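A.B. asks: Here's a structure for you.
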Amino acid sequence: MEEEEIREIFHDLKNDLATMTAMVNLHKIYTKTIPAEQLLACLQNRQMVISTAYEKLYHGGDYRYVNVMELIYDILSRLQRVCSNRHPGVKIEKEIDNIRIPFKTALPIAQIISEMVTNSYFHAFDYTKGGGLISFKLHFEDEKIILDYKDNGRGLESDYDPAGSQTLGMQFIISLAKQLGTRMEFPDDLEGFHAHMEINKPDRKA
C-alpha cells in the first residue's frame, strides 16, 4: 500500500472519530428527554458501524473499495444482537447487490441504514403488537445506487418535516445523504416509514 493511501485512511479515520466525539457531546443535550439506555445503544451502534467498516477495509486488502453487501450484512447481524432484546419479534428482509464501492461511499450508506434500523427498533413498533417488519433494497441500476427502506411501524406524523427535525438521528441521516451528494426523500405512504435515496454515477468495482 502506498504511503499516500495510508495517509488518506488515517485522515478519514481521524475525521470519523471526531464525528463520534461531536455526537457524544450532542447526546448530552438529550439525556433529560431520552432514556440513558437508548442513548447508549445509539452511541454503541454508531461506533460499531465505523469499526466494522474499517475492519472490512483492512481485511479486504484493497484499501479503497469494500464489498457493500458483506459490510451491511455484518452490521445488521451485530445490530440485531444489540436491538433484538428491545423488540425480539422484528424481522429484517433485505436485498443488497454484491458490488464493491469506494469506502468513502460505503461507510455513509452503512451509517444511514444503521440509523434507520435502530430508529425502527426504538420508535416504530409497539411492544404489544408482536412482530414488526423492516425491509430495504440497495441495488445498482441505471448508473445509480438506489436505497429504498421501509418498515411497517407507526410511521411519521402527517405534519412531520424531516429537514426541520430536531432529533439527532434524523439530522445525522440528512447530513450523511448530503455527504453522498444527494438527498433523502420520505414518500408519504399510508402505513409505516418509507425513505428513498439515489446516488448518481457512483464509482464501483467489479
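The values are calculated or read from the model by the stated rules, or taken from the named source; none is laboratory data. Note that the structure is predicted; figures quoted are calculated from it, not measured. Quick reminder, even Gly has a Cβ in these numbers, built from the backbone with ideal geometry, and neighbours come from all protein chains shown. Accessible surface areas use protein heavy atoms only, side chains included; no ligands, DNA or RNA. Shrake-Rupley method; radii C 1.70, N 1.55, O 1.52, S 1.80 Å.
A.B. asks: Per-residue HN-Hα couplings for segment 136-149, Karplus 6.51 cos²θ - 1.76 cosθ + 1.60 at θ = phi - 60°, whole Hz, x for Gly and Pro?
C.D. replies: Coupling constants for segment 136-149: 8, 10, 10, 9, 9, 8, 6, 6, 9, 9, 10, 10, 10, 10 Hz.
A.B. asks: Hand me the GluC sites (Glu not before Pro) from segment 76-185 located in a DSSP loop with no more than 12 other Cβ atoms within 10 Å, in residue order please.
C.D. replies: Here the GluC sites (Glu not before Pro) that fit, given the DSSP loop and packing criteria, are 143, 157.
A.B. asks: Give me the distance in nm between label points sitting 7 Å out from Cα along the Cα-to-Cβ direction at residue 82 and residue 158, one decimal.
C.D. replies: 3.6 nm
A.B. asks: Jot down the radius of gyration and Dmax of segment 43-167, Cα atoms only, both in angstrom.
C.D. replies: 15.3, 47
A.B. asks: Another question, if that's okay. Tell me the chymotrypsin sites (Phe, Trp or Tyr not before Pro) within segment 57-162 that lie in a loop according to DSSP and have at most 13 other beta-carbon atoms within 10 Å. It would help to have the intermediate numbers written out before the result.
C.D. replies: Values: sites: 58, 63, 65, 73, 103, 121, 122, 125, 127, 136, 140, 149, 160; in loops: 63, 125, 160.
Sites meeting the loop and neighbour criteria: 160.
A.B. asks: Another one. Calculate log10 I(q)/I(0) of segment 136-206 for q = 0.15, 0.17, 0.25, 0.26 Å⁻¹, where I(q) comes from the Debye formula with a single equal point scatterer on each Cα and nothing for solvent.
C.D. replies: Results for segment 136-206 at q = 0.15, 0.17, 0.25, 0.26 Å⁻¹ read -0.55, -0.69, -1.22, -1.27.
A.B. asks: Still on this model: Starting from the Cα of residue 144, step 7 Å along the direction of its Cβ; do the same at residue 40; then give the gap between the two resulting points in nm.
C.D. replies: 4.2 nm
A.B. asks: Using 0.36 nm per residue of separation minus the Cα-Cα distance, give me the extension gain between residue 58 and residue 179 in nm, one decimal.
C.D. replies: Numbers: separation 121, 0.36 × 121 = 43.56 nm, distance 2.28 nm.
That works out to 41.3 nm of additional length.
A.B. asks: Just to be sure I understand: of the beta bridges DSSP finds with both ends in segment 72-184, what percent are antiparallel, rounded to 5? Spell out each step's value before the answer.
C.D. replies: Numbers: 8 of 14 bridges.
Taking every DSSP beta bridge with both residues in segment 72-184, the antiparallel ones total about 55 percent.
A.B. asks: Right, another one. Can you tell me the equivalent ellipsoid semi-axes for segment 41-111? Use √(5λ) from the Cα gyration tensor, largest first, whole Å. Let's see the in-between values first.
C.D. replies: Working: eigenvalues 105, 38, 15 Å².
Computed over segment 41-111, the values are 23, 14, 9 Å.
A.B. asks: Something else now. For the pairs 14/205; 150/205; 14/201; 137/205; 14/56; 56/104, note any where the Cα-Cα span goes beyond 21 Å.
C.D. replies: Working: 14/205 26 Å; 150/205 28 Å; 14/201 27 Å; 137/205 19 Å; 14/56 17 Å; 56/104 13 Å.
Pairs exceeding the cut-off: 14/205; 150/205; 14/201.
A.B. asks: Here's something else I'd like to know. Provide 116, 69 ordered by accessible surface of protein heavy atoms (probe 1.4 Å), highest first. Write down the numbers at each step before the final one.
C.D. replies: Numbers: 116 5, 69 45 Å².
Accessible-area ranking of 116, 69, largest first: 69, 116.
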